[in-house]
Each structure stands twice: as structure tokens, then as C-alpha cells.
Amino acid sequence: MSFEVEIKEGIAVVAVTAGRLDASVAPELKKVVSNVIDDGTSRIMLDLQRVQFMDSSGLGAVISSFKLTGQKGEFVICNMNEAVKEIFELTHMDRLFDIYPNADEGFQKMCA
Amino acid sequence: MEGTSALVVGNDAETRVALSRQLDGAGFTTMTATNGQQALDIIEKIGVTLVLCDWSIKDMTGTEFCARLRSATMDRYVYFIFLGAQAEVAPQKALSAGADAFLSTPVKNDDLSARLQSATRIIELQDRMTARNDFLEYAYQSVTTDLKIAAKVQEDLLPRQFRLAGLDTNWVFKPANFVAGDMFDYFPLGDDYFVFYILDVEGHGIASALTSFAINNQLNPSSHGLCSKSIKNNPQTADAVIATVQNLNRQFQGNLNSSRYFTMIYGIVDVTSGEVTMTQAGHPAPIQLSKKTGEAVALGDGGMPIGLLKEATYSTISSTLVAGDRLFLYSDGMLECENDKGEFYGSERLLSRIQEWRDLPIEELGDLFDGEITRWNGSETFEDDVSMVILEYTGKR
């Protein structure tokens, strides 16, 4: 497993445990998020703390996961390192997501 | 000899005959040898699937014979049974010498027949595995052959002209796995414009390459000609650029299960004025090298990839090229190429090389960057597709 899921107060925190979010783990992310939604949670926080490198397949999986949560759901991201942030900026995806420097802050904003 | 062939090795003629008879009865084609060397010759020349060997043969020890048999390179496994008096040899000793089984002499008919049944099962399993391996090898070879043909098809789509009205060009193309999700092209459009693009479909390999072929087909002036239509319908170059990428974004929207998007730089040069208008759809920033100052600068601040979001909007980057200025377009496979220490090639290194080689003719730059990135990578096998397009504005018509 390259992911850990913890559900607290109706929010699913999906933590990536792999160091590289690339083609080898991208399909698993979509599956994990899809399962979380099927189980009734559509408010998701993706925690990228352990991700050192993300490639185009990883980005594709994040966007697909975001699309899965739909209009009523919520999808935020926290703990991006500089390299990952650069990819989000290059592709203007930083304008699409609520991005938080750490999980606590993201959690507080989602609960507010 | 194919099928279930057996070899009986031993000193005693009577035993050899008796064993042969029983093996024949069990469906084996049986041969006999009186010593180790003769047996090894038969195995080498004819091949057998089962060997029954006396622990003590004339010219070598049973252990030595078994070791020599096992060390020989053979296409199929040989099932080896040692025969010997229990008092003379411990079964464990026979097995550790490389045998599959040990039968004590005098051999009882029932023991031998039970052992032969077990040997047959193993031999059959072995044959099935060999057949499956042969099939896999055949399948692999035919897939590889097809991929080589596909790679040639893709290579043939790449531009072959390097001196066009107003611009000289060069490029680098290194697919990660025969065919690439990276693709590029450039061509004059009428007398006034020069169109160029480079794109990178998410992932790499066959699925990405097929998408890159489809996009190329949309843009190519001799097929769908999306570029020329956009220019015809939009008097302003910037509008024409945006119309093209928006059209692609509509056409290449994936569904929820597949998000095969691509990044791209698409641009148009006004050949007379040197004005270049381009859009950066999530692709690494184009680099402009000034002939006059020798300075290389990355242009643009990103943009949404194509095929990811229906509602994506695009903007353009404008710049002016004067004679001798160069424009470098490249894929992330170049920046993220790792050396043996796990360091990325990176944009800093690329910028400094572009500046360092500013006085070299453009004809040499393709090979130089090819060599540079291959050295950095440490081999010709790349993790991701690497591509680069170099344009030099000459202003000459």
C-alpha cells in the first residue's frame, strides 16, 4: 500500500506513503479515493508530506481524484514540497485546489 | 531425441537389459551406455529426459558423472535416478550429488514403476514450462518487432527539413520505450507564418504514443490542418493560437476513468517581423537565447495542460526574435532525467549549456544536446521520453 486513509469528523485524510507519486502508484490513488467516496465520504484532504517527486501520471491521478469528489464534495491538498509545488504552478493547477502548508491548517479550514 | 527418452548407465549387461525392458514398457525410448563418457556423449548428441545410473560405473564416480551432467547447458531438464546397494551408498548422498531420486538395488519392479510415474509427471511439467517459455519468447519477439516498426513510423513523422523560410531548425528525440508520447513538428504556413509545436502526452509508451499520433494528425497541414483553419478564422495571431489549443482541449477531454492529458507549447512566428506568439499549456517554459546579449531566458509562467479540464482557458506569451535569436522547446523528460546519483538534469544546467553553446552553429546543437543528455542519463535507455526542438530566426526569406 502506497496510501494511508484516516477518517475523522467526516473528512478523509489520504496520506501518500510512497516517495514518488508516479505511474507506478497513480492508479492506486484513484482506487483509494474512489473507495473512500463509495464508503460515503466526499470531503478529502490529500497529504503529500512524504512525496519527494511527482510526474505527469501522478498529477493526472490527483486531478482524476478531484473530479471523482464531484460538485458536492471537497478536495484539498496539504504538505507539498517545492518540486511538487512547481508542477502545480507550471500547470496552473495551484489555481484549482485549496492548498495548505500542513495537515492541521487544512483540517481547521475544512472544519470551520 | 524428443519425447520421453531414457538412458540406462551401468556395468552389468543383465541389469541394463532388464531396466531397459521395463522402461520401454513404461513408454520410454531407451538407450544404454556402459560407462560415464559414453553416456555423456549420448546425452550431448541425442538428448534424454531420464537417466538411470549405477552408483559405481567404470570410468568415473557416480558423483562426478552427475556433476558433469548437471553442469552441461541443456535445453531441458534431465531427471536423474541413482541406483545402488543401500549398504554401499546412503540415499542422501545420492541426492546431494545432484540426483532427483535414489533406488536401492536389486531394483524392485514396483519401486521402479512408482518412481517412473513421478519422473514422468515432472518431465511433463518441465515440457509444458519449456513450451510456455518458447511461446513467451515468440510473443516477446513479435511485440518487439511491431514496436520497432511503430518507432520507425513515428520517426518518419518528425520534420526532416532544417532550413525553412525565416528559420533554421534542429531537434533531439529519444523515446523511452521505442515509441514516445512526446511529439513535435514545425512548418511554414503560407508566406507569412511559421508554426511550431512540441507536446508530451502523460505517461510514455504505446498508449501515450497513440494519443500523440492522433494530436499530430489534427495539427498536420496535410491532414486535418487545425493550424491553418485557426489562422484563417482569426486575423490576430494570438487568437489563432488560442483557438487551436482550445479546439484540442475540447477534442481530447478524457472521461473520469482515463485522464490522458498532454502538455504542449504551440506557437506561430510572423516570419517578416520575427514576432512569436505561443501558448504554454503545462509544458516546461520555452527558452529564448538572445544573439546580441548571449543571455538565455525562460518565458511564460505556465498554463493548464490540454484534455484535463473542459473549462480550461489559455493565454499567450509574446516575444520578438531578431536575426540569430534562438528558441528552445523541450519536454520534462529532459529536466527530470536522472544521473547515477539521482540528480535531475534540471533547468539551471540546461540554461547554462544553451548560453555556453551560443556561438556554435545550430546544425551541431542537435547532436550536442543528444550526447549531453545521454551522458547524463548514463545509457541510451531513458526513463521518460526526451525531446527538444531548436529554432533559430534568420529573417531570410
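The values are calculated or read from the model by the stated rules, or taken from the named source; none is laboratory data. Computed from a predicted structure; not experimentally measured. Backbone-built Cβ (ideal geometry, glycine too); neighbour counts: all protein chains shown. Side chains included, ligands, DNA and RNA excluded: accessible areas come from the protein's heavy atoms. Shrake-Rupley method; radii C 1.70, N 1.55, O 1.52, S 1.80 Å.
Using a cut-off of 18 Å between Cα atoms, the listed pairs A:85/B:174; A:8/A:109; B:174/B:341; A:8/A:30 include A:85/B:174; B:174/B:341; A:8/A:30 as exceeding that distance. Computed over protein heavy atoms with a 1.4 Å probe, the carbon and sulfur contribution to the accessible area of the range B:1-130 reaches 51%.
Across chain B, Cα pairs under 8 Å and at least six residues apart give a relative contact order of 14 percent.
Within the full protein context, the accessible area of residue B:347 is estimated at about 50 Å² for a probe radius of 1.4 Å.
Determine the equivalent ellipsoid of chain B by diagonalising the alpha-carbon gyration tensor, then write out the semi-axes as square roots of 5 times the eigenvalues, largest first, rounded to whole Å. Don't jump to the answer; show the numbers that get you there.
Numbers: eigenvalues 1042, 96, 56 Å².
Over the Cα atoms of chain B, the ellipsoid semi-axes are 72, 22, 17 Å.
A simple spin-label model places pseudo-atoms 7 Å from Cα toward Cβ; at residue B:146 and residue B:214 they are separated by 1.8 nm.
Charge dipole (Cα centre; +1 on Lys/Arg Cβ, -1 on Asp/Glu Cβ; no other charges) of the protein assembly as shown amounts to roughly 880 debye. Residue B:63 sits with roughly 60 Å² accessible to a 1.4 Å probe, with DNA, RNA and ligands left out of the calculation.
Rounded to the nearest 0.05, what FRET efficiency do residue B:355 and residue B:162 have when you use their Cβ-Cβ distance and R0 = 25 Å?
Working: r = 22 Å, r/R0 = 0.89.
Efficiency for this residue pair is about 0.65.
Accessible surface comparison of B:74, B:129, B:60, probe 1.4 Å, protein chains only, largest first: the order is B:129, B:74, B:60.
By the Stokes-Einstein formula, at 1.306 mPa s and 10 °C, the range B:158-393 with its Kirkwood radius over alpha-carbon pairs has D equal to 89 µm²/s. Element breakdown for the range B:188-307 at a 1.4 angstrom probe: carbon and sulfur atoms account for 48% of the accessible area.
Using the Karplus relation 6.51 cos²θ - 1.76 cosθ + 1.60 with θ = phi - 60°, the per-residue 3J(HN,Hα) values for the range B:96-101 come to 6, 6, x, 7, 8, 7 Hz, with x marking Gly and Pro. Toward the positive end of the charge dipole of chain B, with +1 on the Cβ of Lys and Arg and -1 on the Cβ of Asp and Glu, the farthest Cα among B:130, B:173, B:360 is that of B:130. Each part gets one Cα centre, and for the range B:235-284 versus the range B:81-120 those centres are 76 Å apart.
Of all the options B:356, B:124, B:295, the one that moves most in a Gaussian network model of chain B with Cα springs shorter than 10 angstrom is B:124. Spin-label model, residue B:383 to residue B:290: label points 7 Å out along the Cα-to-beta-carbon direction sit 3.5 nm apart.
Among the DSSP beta bridges whose two residues both lie in the protein assembly as shown, what percent are antiparallel, rounded to the nearest 5? Before the final figure, lay out each step's value.
Working: 57 of 90 bridges.
If we restrict to bridges inside the protein assembly as shown, about 65 percent are antiparallel.
Annotation for the range A:11-35 versus the range B:317-364: alpha-carbon center distance of 33 Å.
How big is the C-alpha Rg of the range B:5-132 next to the rule-of-thumb value 2.2 N^0.38 Å, as a ratio? Don't skip to the answer; put the middle values down first.
Details: Rg = 13.4 Å, N = 128, 2.2 N^0.38 = 13.9 Å.
Against the empirical 2.2 N^0.38 Å value, I get 0.97 for the range B:5-132.
Name the residues of the range B:282-327 whose accessible area, probed at 1.4 Å, falls by at least 50 Å² once all protein chains are in place instead of their chain on its own? Checking the loss per residue gives B:304, B:308, B:309. Interface size, chains A and B: roughly 1600 Å² of accessible area buried, both sides included, 1.4 Å probe, rounded to the nearest 100. For peptide B:198-208, the mean count of partner chain Cβ atoms within 10 Å of a residue's Cβ comes to 2. With every protein chain in place and a 1.4 angstrom probe, the accessible-area ranking of B:316, B:272, largest first, reads B:272, B:316. Proximity of backbone amide H atoms, modeled 1.01 Å from N, is registered between residue A:46 and A:14, A:76, A:77, A:78 at under 5 Å, excluding neighbours fewer than 5 places apart on the same chain. Looking at the square roots a ≥ b ≥ c of the eigenvalues of the Cα gyration tensor of the range A:3-106, which shape do they give, rounded for a/c under 1.5, prolate if a/b is larger than b/c, or oblate? Here the range A:3-106 falls in the rounded category.
Let's test the formula: R0 of 56 Å, r as the Cβ-Cβ distance of residue B:270 and residue A:112. What FRET efficiency results, to the nearest 0.05? Kindly include the intermediate steps, with their values, before the conclusion.
Numbers: r = 52 Å, r/R0 = 0.92.
My answer for the efficiency is 0.60.
Counting only protein heavy atoms, what percent of the accessible surface of chain A is carbon or sulfur at a 1.4 Å probe?
Details: 2420 of 5350 Å².
Carbon with sulfur: 45 percent of the solvent-accessible area.
By a 1.4 Å probe calculation restricted to protein chains, residue B:283 has an accessible surface near 0 Å², given to the nearest 10. Rolling a 1.4 angstrom probe over the protein heavy atoms with all chains in place gives chain B an accessible area of 48 Å² per residue. Taking B:193, B:79, B:330 as the candidate residues, the one with maximal mean-square fluctuation in a Gaussian network model of chain B, Cα springs under 10 Å, is B:79.
Classify the range B:321-397 as rounded, prolate or oblate, taking a ≥ b ≥ c as the square roots of the eigenvalues of its Cα gyration tensor: rounded when a/c is under 1.5, otherwise prolate if a/b is larger than b/c and oblate if not. Numbers along the way, then the final one.
Details: a/c = 2.31, a/b = 2.24, b/c = 1.03.
It comes out prolate by the Cα gyration axes.
Which residue fluctuates the most in chain A, going by a Gaussian network model with Cα springs under 10 Å, if the choices are A:93, A:80, A:45? Sorting by GNM fluctuation, first place goes to A:93.
If you average 1/r over all unlike Cα pairs in the protein assembly as shown and invert the result, what Kirkwood radius do you get in angstrom? Numbers along the way, then the final one.
Details: mean 1/r = 0.0360 Å⁻¹.
Here the Kirkwood hydrodynamic radius works out to 27.8 Å.
What the range A:1-93 shows is 44 Å² of accessible area per residue, with the surface traced by a 1.4 Å probe over protein heavy atoms.
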